[in-house]
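The values are calculated or read from the model by the stated rules, or taken from the named source; none is laboratory data. This structure is a prediction, so every number in the text was calculated from the model and none was measured. Cβ sites come from the backbone with ideal geometry, for glycine too, and all protein chains shown count toward neighbours.
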Amino acid sequence: MSDKRTLKVAVLGCGAVGSQVVRLLTEQSDDLTARVGVPVELVGVGVRRLDAPRDVDLPDGLLTTDVAGLVARADVDLVVEVIGGIEPARTLILSALDNGASVVTANKALLAEDGPTLFEAAEKAERDLYYEAAVAGAIPILRPLRESLAGDKVTRVLGIVNGTTNFILDKMDSSGAGFSEALEEAQELGYAEADPTADVEGFDAAAKAAILASLAFHSRVTAADVYREGISDVTAADVASARDMGSVVKLLAICELRPGPNGDQVAARVHPAMIPRTHPLASVREAFNAVFVESEAAGQLMFYGPGAGGAPTASAVLGDLVTVARNRLAGTRGMGESAYADRAVQPMGETRTRYHVAIDVDDRAGVLAAVANAFADHDVSIQTVRQEGRGADAQLVVVSHAAPDAALAATVEQLRSMDIVREVTSVMRVEGGDE
């Protein structure tokens with residue numbers, strides 16, 4: 001490849017991200033030539049409809065609905081996939097690799113569901129498959145995990161990886177708004193889709209958690225392995241209670257190594273949690289993302305920036321494109337899948353967590369002892385307990401020490417069955433601070 005005069009690129013998709021990729025390829029062509037070493041030529045943009053409105057002006061002849069034909073072209077050196085979803089993206093990526101092209105993708109859903117198939121196809125074809133843009137937009141997090149920390153042992157990755165949910169929870173915290181009100185504002189400002197299910201129910205974050213866990217712990221983790229809870233049940237009262245504790249509610253993607261019966265296991269989960277306002281992630285506002293990494297030698301690292309949007313995501317795509325292009329010219333490949341550790345995924349019930357539980361109770365003697373006994377019945381230690389209100393408004397707020405999640409869930413179920421408990425009004429996990 002070193003004598004090749006032009007490197008030819010095909011882009012699949014011309015939506016919010018794809019249009020920005022095309023714009024950067026066009027506007028920065030001279031800089032890209034200098035960085036790569038040869039001109040980078042955009043030879044085709046695969047789309048579903050030719051007449052769809054787009055945010056970029058394209059030269060005549062670049063748009064095509066024959067996407068399968070585009071990726072099968074023998075002269076295409078590199079394919080950028082920003083269609084999203086499972087199909088036809090999977091088939092198109094596999095076809096591109098089979099026809100000798102390297103691939104850059106931002107497709108978190110596909111990587112989290114069927115990454116091994118793609119990595120195996122890239123290995124067989126002796127081509128690159130890069131995917132920095134699949135997690136946290138412009139934030140460079142996958143490359144540091146794959147390369148900068150390759151000589152270290154990562155033990156925990158804790159992140160805010162969905163801008164929509166962070167905007168909603170931040171608005172609830174700063175204004176006292178309820179979930180529906182904050183979601184409506186997010187939709188009006190373009191932070192949330194008309195159908196926000198993938199974001200607010202945690203599916204988007206779970207896919208990203210699977211990718212982070214796979215890379216950090218050198219084991220295959222799929223989205224189905226990630227425990228998932230969304231934020232639609234988070235109330236203004238939950239947020240206010242967190243504030244009273246000096247905490248804030250965030251939707252967290254948590255990937256960590258936990259002791260298992262036969263060595264370390266991977267625990268991967270996505271759920272809303274209270275974290276102290278002193279924690280670095282607590283200050284992440286609006287639609288920004290941040291990822292907090294802990295490793296044995298480097299210690300604690302944090303990566304912060306815009307986690308979504310066409311231009312930020314396109315920035316990550318172009319970074320991968322330059323790297324892959326340089327590899328093609330040098331006749332080399334970057335690192336492929338690293339799954340040598342092959343660690344088991346720890347079930348959520350065995351993962352140690354902490355709970356914040358708000359309980360409406362009868363205001364009479366013996367209530368506190370009975371509630372404490374319910375925790376003791378499941379070997380769950382109480383860290384703090386406080387009573388709020390009197391009479392019909394009496395409420396106990398209990399924060400536990402770390403215990404297996406199944407034991408904490410069983411404790412809550414027992415509380416709900418007790419005569420002295422009118423209602424368990426809130427259950428939320430707690431992260432940060434002492435276990």
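Table: residues versus (1) over 13 Å from GLY336 (Cβ atoms); (2) modelled with pLDDT of 95 or more.
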site: ILE86; (1), (2): yes, yes
site: ALA89; (1), (2): yes, yes
site: LEU97; (1), (2): no, yes
site: ASN107; (1), (2): yes, yes
site: LEU118; (1), (2): no, yes
site: TYR131; (1), (2): no, yes
site: GLY137; (1), (2): yes, no
site: PRO140; (1), (2): yes, no
site: LEU145; (1), (2): yes, yes
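For the list (1) polar (S, T, N, Q); (2) touching a strand residue (DSSP E or B) at 6+ places or on another chain (Cβ under 9 Å); (3) free of Cβ contacts under 8 Å to residues at least 40 places away in the same chain, I need the number of the one condition that SER102 fails. Among (1) polar (S, T, N, Q); (2) touching a strand residue (DSSP E or B) at 6+ places or on another chain (Cβ under 9 Å); (3) free of Cβ contacts under 8 Å to residues at least 40 places away in the same chain, the lone unmet condition for SER102 is (3). Annotation note: Cβ proximity below 7 Å between a residue of the range 67-93 that is part of a helix (DSSP H, G or I) and a residue that is polar (S, T, N, Q) (sequence gap 6+ or interchain) occurs for ALA68/SER95; LEU70/THR64; VAL71/SER95; VAL71/ASN99; ALA89/ASN107; ILE93/THR105.
Condition check ((1) under 28 Å from the mean Cα position of the chain (by Cα); (2) assigned by TED's automatic domain parsing to the domain that holds TYR131; (3) of a type outside the set (A, V, I, L, M, F, W, C)) across all residues:
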site	(1), (2), (3)
LEU32	no, yes, no
VAL47	yes, yes, no
PRO53	no, yes, yes
ASP60	no, yes, yes
LEU70	no, yes, no
VAL79	yes, yes, no
ASP98	no, yes, yes
ALA106	yes, yes, no
PRO116	yes, yes, yes
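LEU215 meets all of the listed conditions (1) closer than 28 Å to ARG143 by Cα; (2) without any contact (Cβ under 8 Å) to a residue 24 or more places away in the chain; (3) not small (Gly, Ala, Ser) but one, namely (2). Within the range 53-66, the residues that satisfy the criterion of being in contact (Cβ under 8 Å) with a residue 12 or more places away in the chain and farther than 14 Å from ALA10 by Cα are ARG54, ASP55, VAL56. Number of residues in the range 62-99 that are in contact with a strand residue (DSSP E or B) (Cβ under 6 Å, 6 or more places away or on another chain) and not aliphatic (A, V, I, L, M): the value is 4.
Does the range 304-312 include one or more residues that are of a type in the set (A, V, I, L, M) and under 30 Å from ARG258 (Cβ atoms)? Scanning the range 304-312, I find at least one residue that is of a type in the set (A, V, I, L, M) and under 30 Å from ARG258 (Cβ atoms), so the answer is yes.
Matching residues to (1) assigned to a loop (DSSP other than H, G, I, E, B); (2) in contact with a helix residue (DSSP H, G or I) (Cβ under 7 Å, 6 or more places away or on another chain); (3) outside the structural domain of ALA253 (by TED's automatic domain parsing); (4) of a type in the set (Phe, Trp, Tyr):
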| residue | (1), (2), (3), (4) |
| --- | --- |
| ARG364 | yes, no, yes, no |
| LEU368 | no, no, yes, no |
| ASN373 | no, no, yes, no |
| VAL380 | yes, yes, yes, no |
| VAL424 | no, yes, yes, no |
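When THR313, THR323, THR332 are screened for being in a helix (DSSP H, G or I) and either surrounded by fewer than 23 Cβ atoms within 10 Å (Cβ to Cβ) or aromatic (Phe, Trp, Tyr) (or both), only THR323 passes.
Of the residues in the range 172-203, how many are part of a helix (DSSP H, G or I) and either aliphatic (A, V, I, L, M) or surrounded by 24 or more Cβ atoms within 10 Å (Cβ to Cβ) (or both)? Adding up the residues that qualify gives 7.
Just to be sure before I move on: is ILE231 touching a residue at least 12 places away in the same chain (Cβ under 8 Å), among the hydrophobic types (A, V, I, L, M, F, W, C) and in a helix (DSSP H, G or I) in the structure I sent? No.
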